[in-house]
Amino acid sequence: MSTHSAARVHYDRLSLRRLGLWLFILSESFLFFAFLSSRYYVLGIYRPEHLNQALGLIITCILLLSSLTAYRAEVSVAHGDRERFLRNTLATIGLGLLFLVGVGIEWVEAFAYFPPQQRFGTVFFSLTGLHAFHVLSGLVLLVFVWLHGRRGRFSAAHYWAVEGSVKYWHFVDVAWVFIYPTLYLVSL
Amino acid sequence: MERSGEQERKLRLGLRVLIALVVLTVVEYLLLVWRVPNLLVYLVVINLVDAWLIAEYFMHFSQLWRTEEEHR
């Protein structure tokens with residue numbers, strides 16, 4: 001196989017992988033859309049007063065910051081900058097864990113003010129629980145990527161595992177961008 | 001050297017996108033504090049802008065339509 005043909009096959013395979021991942025993300029979006037719409041179906045635009053607004057804003061900013069570090073990790077690996085790639089992947093993992101700690105604190109408070117038996121509690125725990133599960137699975141992927149990155153498994157020409165994991169992480173961020181106002185901000 | 005310059009340009013772009021996202025999030029919060037009428041409409045618009053910024057700049061959504069030559 002000529003060099004040009006090999007490059008063509010590699011590009012076609014990469015395009016298919018990207019398309020497959022975007023279709024997966026689309027299917028996940030439907031799931032989140034169903035959960036988000038249930039909030040408006042069950043509660044309308046009612047919102048209890050006891051939500052910790054400061055914590056909600058802080059964990060949102062933490063997740064947005066983690067998207068920047070994930071983006072920097074992908075850009076770095078694409079340019080063969082291994083050190084910066086590893087550093088930013090690790091930072092993303094750290095920020096993701098910090099986000100989960102924030103959600104945990106919010107859950108402790110939420111159990112006191114609106115337990116899952118109440119209507120808002122059902123919506124709150126369903127949405128944040130579904131999202132936290134996605135954050136957790138994203139973290140597993142990123143740890144996998146970091147470990148393989150340390151062993152030098154990725155190069156500027158071959159880094160699909162990094163790109164796929166980082167795209168998934170950004171999707172988790174997009175989902176939260178909609179969940180945050182739906183739970184914390186929408187009101188009468 | 002040229003590659004490094006391109007990398008730095010992309011990293012700066014990422015920082016600008018993050019700043020825009022944080023500003024929009026703070027604006028969302030301030031709309032609540034200021035009790036702006038029709039809050040839901042403003043929130044939906046801001047969320048769609050947020051989602052577009054992340055999908056386009058961080059997730060490279062338009063990559064899907066690029067040809068092999070454009071990708072190089």
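Some points to look at:
- A count restricted to the range A:18-45 and to residues that are of a type in the set (A, V, I, L, M, F, W, C) and surrounded by 14 or more Cβ atoms within 10 Å (Cβ to Cβ) stands at 8.
- Among the residues listed as A:E74, A:E83, the single one being farther than 30 Å from A:S126 by Cβ, buried (at least 23 other Cβ atoms within 10 Å of the Cβ), touching a helix residue (DSSP H, G or I) at 6+ places or on another chain (Cβ under 9 Å) and charged (D, E, K, R): A:E74
- Selection from the range B:47-56 of residues that are crowded, with 19+ Cβ neighbours inside 10 Å and either among the β-branched types (V, I, T) or not in a helix (DSSP H, G or I) (or both): B:I54
- Here A:L63 fulfils each of the conditions (1) of a type outside the set (F, W, Y); (2) buried (at least 17 other Cβ atoms within 10 Å of the Cβ); (3) within 21 Å of B:D50 (Cβ to Cβ); (4) more than 16 Å from the chain's Cα centre (by Cα) apart from (4).
- Unique match (being more than 10 Å from chain B (Cβ to nearest Cβ), out of contact with any Phe, Trp or Tyr (no Cβ under 8 Å at 6 or more places or on another chain), under 21 Å from A:E28 (Cβ atoms) and in a helix (DSSP H, G or I)) among A:L136, A:L142, A:L147: A:L136
- Positions within the range A:43-93 being more than 21 Å from B:V22 (Cα to Cα), more than 7 Å from chain B (Cβ to nearest Cβ) and not in a helix (DSSP H, G or I), in sequence order: A:G44, A:Y46, A:R47, A:P48, A:E49, A:H50, A:G80
- Residue within the range B:4-13 that is in contact with a helix residue (DSSP H, G or I) (Cβ under 9 Å, 6 or more places away or on another chain), free of Cβ contacts under 8 Å to residues at least 40 places away in the same chain and not in a helix (DSSP H, G or I) present: no
- Hits in the range B:1-60 (condition: among the polar types (S, T, N, Q) and either more than 11 Å from the chain's Cα centre (by Cα) or modelled with pLDDT under 95 (or both)): B:S4, B:Q7, B:T25, B:N38
- Contact map, the range B:45-64: residues that are over 12 Å from B:G14 (Cα atoms) paired with residues that are crowded, with 17+ Cβ neighbours inside 10 Å and basic (K, R), Cβ distance under 7 Å, separation 6+ or inter-chain. Pairs shown: B:Q63/A:R18; B:L64/A:R18.
- Taking the listed residues A:F99, A:F120, the one that is under 22 Å from A:P181 (Cα atoms), under 11 Å from the mean Cα position of the chain (by Cα) and in a helix (DSSP H, G or I) is A:F99, with no other qualifying.
- Looking at A:G94, A:G138, just one residue is among the small types (G, A, S) and without any contact (Cβ under 8 Å) to a residue 40 or more places away in the chain, and that residue is A:G94.
The values are calculated or read from the model by the stated rules, or taken from the named source; none is laboratory data. Just so you know, these numbers come straight off a predicted model, no measurement behind them. Counting neighbours? That spans all protein chains shown, and the Cβs are built from the backbone with ideal geometry, glycine included.
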